[in-house]
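The values are calculated or read from the model by the stated rules, or taken from the named source; none is laboratory data. All values derive from a computational prediction rather than experimental measurement. Reconstructed Cβ throughout: ideal geometry from the backbone, glycine too, with neighbour counts over all protein chains shown.
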């Protein structure tokens with residue numbers, strides 16, 4: 001039910017935001033960098049487009065959340081290696097270091113987080129001269145490399161994500177408006193009755209160049225997680241709005257933004273998160 005509802009949200013997003021009568025052409029976006037999860041996209045939203053074949057992209061990011069109730073700071077430092085494969089496929093390896101400071105209790109925890117290996121296959125590329133969105137399949141394995149004693153792990157035995165990504169890049173005068181969305185189902189530790197969990201992730205975003213040469217871009221994203229039962233380093237259910245700026249060249253990317261998070265759990269007040277990422281194509 002959650003999967004069907006999320007896919008309907010994605011379809012509605014494209015129905016209302018795709019400009020009627022504009023054509024999707026193969027105009028230069030200058031650079032389609034990877035996101036904080038290692039796959040091509042915005043800061044969080046995954047697009048259906050992939051890196052060119054035999055292209056490596058190496059990235060480093062920082063995600064720092066500040067909460068007042070309860071009072072804590074949670075910062076993660078992901079490192080990402082992505083590879084473009086033949087036939088519109090992409091592979092990404094992501095690991096991270098996590099630091100949490102619970103000011104109410106005075107407890108500080110730090111350690112390695114879990115490792116993710118993601119695969120994306122653009123099974124239906126966006127046609128030239130049309131604005132029909134492209135479609136990609138996403139699959140991710142989550143490996144328990146996090147420090148259990150420090151509590152910086154998100155899974156105890158195993159975890160996975162699977163879903164779809166949609167995206168259109170639409171020519172509008174001398175600009176390109178990019179619309180992206182993805183929906184993914186997450187499962188973890190299903191073999192353990194005490195730790196099993198499953199939930200949904202839905203992201204949608206828009207990217208608009210705001211400079212003459214399209215190398216300075218503005219992005220706006222909507223993010224939602226629902227159905228999560230286990231509270232761990234990743235937190236619980238939330239909805240959020242993320243906005244940011246991206247500076248790109250042919251091989252370099254610098255993106256930074258702010259996320260405003262509305263927590264579903266009444267024990268948690270709303271919080272904010274600062275996100276930044278730099279990556280280089282090789």
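Quick check on residue 132: is it in contact with a strand residue (DSSP E or B) (Cβ under 6 Å, 6 or more places away or on another chain) and in contact (Cβ under 8 Å) with a residue 24 or more places away in the chain?
Numbers: in contact with a strand residue (DSSP E or B) (Cβ under 6 Å, 6 or more places away or on another chain): no; in contact (Cβ under 8 Å) with a residue 24 or more places away in the chain: yes.
Considered against the rule, which asks whether it is in contact with a strand residue (DSSP E or B) (Cβ under 6 Å, 6 or more places away or on another chain) and in contact (Cβ under 8 Å) with a residue 24 or more places away in the chain, residue 132 comes out as no.
Please work out if residue 242 is under 17 Å from the mean Cα position of the chain (by Cα), in contact (Cβ under 8 Å) with a residue 40 or more places away in the chain and either surrounded by fewer than 17 Cβ atoms within 10 Å (Cβ to Cβ) or farther than 19 Å from residue 159 by Cβ (or both).
Numbers: under 17 Å from the mean Cα position of the chain (by Cα): yes; in contact (Cβ under 8 Å) with a residue 40 or more places away in the chain: yes; either surrounded by fewer than 17 Cβ atoms within 10 Å (Cβ to Cβ) or farther than 19 Å from residue 159 by Cβ (or both): yes.
Yes, satisfied.
Test residue 114 against the stated conditions and say whether it is surrounded by 21 or more Cβ atoms within 10 Å (Cβ to Cβ), farther than 24 Å from residue 181 by Cα, in contact with a strand residue (DSSP E or B) (Cβ under 8 Å, 6 or more places away or on another chain) and without any contact (Cβ under 8 Å) to a residue 60 or more places away in the chain.
Values: surrounded by 21 or more Cβ atoms within 10 Å (Cβ to Cβ): yes; farther than 24 Å from residue 181 by Cα: yes; in contact with a strand residue (DSSP E or B) (Cβ under 8 Å, 6 or more places away or on another chain): yes; without any contact (Cβ under 8 Å) to a residue 60 or more places away in the chain: yes.
In short, yes.
Kindly state which strands (runs of 3 or more DSSP E) lie completely within the range 64-152 and contain at least 1 residues that are within 25 Å of residue 282 (Cα to Cα). Steps first, please.
Details: elements: 72-85, 89-102, 107-112, 115-124, 134-143.
Where strands (runs of 3 or more DSSP E) fall fully within the range 64-152 and carry at least 1 residues being within 25 Å of residue 282 (Cα to Cα), they are 72-85, 89-102, 115-124, 134-143.
Name the residues in the range 232-262 that are over 30 Å from residue 30 (Cα atoms) and at pLDDT below 95, would you? Break it down into steps so the answer makes sense when it comes.
In the first step, residues of the range 232-262 are kept if they are over 30 Å from residue 30 (Cα atoms); the result is 232-239, 261-262.
Answer for the range 232-262, where residues must be over 30 Å from residue 30 (Cα atoms) and at pLDDT below 95: 232, 233, 234, 235, 236.
Go through the range 175-200 and count every residue that is crowded, with 20+ Cβ neighbours inside 10 Å and touching a helix residue (DSSP H, G or I) at 6+ places or on another chain (Cβ under 6 Å).
Final tally of qualifying residues: 4.
Check whether at least one residue in the range 153-166 is surrounded by 16 or more Cβ atoms within 10 Å (Cβ to Cβ), more than 25 Å from residue 89 (Cα to Cα) and within 18 Å of the chain's Cα centre (by Cα), and report yes or no.
Yes.
With the requirement that a residue be over 15 Å from residue 40 (Cβ atoms) and modelled with pLDDT of 95 or more, what does the range 124-138 give you? So that I can check it myself, show each step before the final result.
We begin by selecting, within the range 124-138, every residue over 15 Å from residue 40 (Cβ atoms); these are 124, 127-132.
Within the range 124-138, just 124 meets the criteria.
Hey, any hits in the range 89-99 for a residue that's modelled with pLDDT of 95 or more, buried (at least 18 other Cβ atoms within 10 Å of the Cβ), out of contact with any helix residue (DSSP H, G or I) (no Cβ under 9 Å at 6 or more places or on another chain) and within 17 Å of residue 257 (Cβ to Cβ)?
So far as the range 89-99 goes, no, none of its residues is modelled with pLDDT of 95 or more, buried (at least 18 other Cβ atoms within 10 Å of the Cβ), out of contact with any helix residue (DSSP H, G or I) (no Cβ under 9 Å at 6 or more places or on another chain) and within 17 Å of residue 257 (Cβ to Cβ).
A quick yes/no check of all residues on (1) closer than 24 Å to residue 255 by Cα; (2) under 14 Å from the mean Cα position of the chain (by Cα):
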{"site": "44", "(1), (2)": "yes, yes"}
{"site": "54", "(1), (2)": "yes, no"}
{"site": "57", "(1), (2)": "yes, no"}
{"site": "78", "(1), (2)": "yes, yes"}
{"site": "87", "(1), (2)": "no, no"}
{"site": "92", "(1), (2)": "yes, yes"}
{"site": "102", "(1), (2)": "no, no"}
{"site": "111", "(1), (2)": "no, no"}
{"site": "116", "(1), (2)": "yes, yes"}
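Could you grab me the full set of residues in the range 201-235 that are within 16 Å of residue 262 (Cα to Cα), touching a strand residue (DSSP E or B) at 6+ places or on another chain (Cβ under 7 Å) and crowded, with 18+ Cβ neighbours inside 10 Å?
Of everything in the range 201-235, those that are within 16 Å of residue 262 (Cα to Cα), touching a strand residue (DSSP E or B) at 6+ places or on another chain (Cβ under 7 Å) and crowded, with 18+ Cβ neighbours inside 10 Å turn out to be 201, 202, 203, 221, 222, 223, 224, 225, 228.
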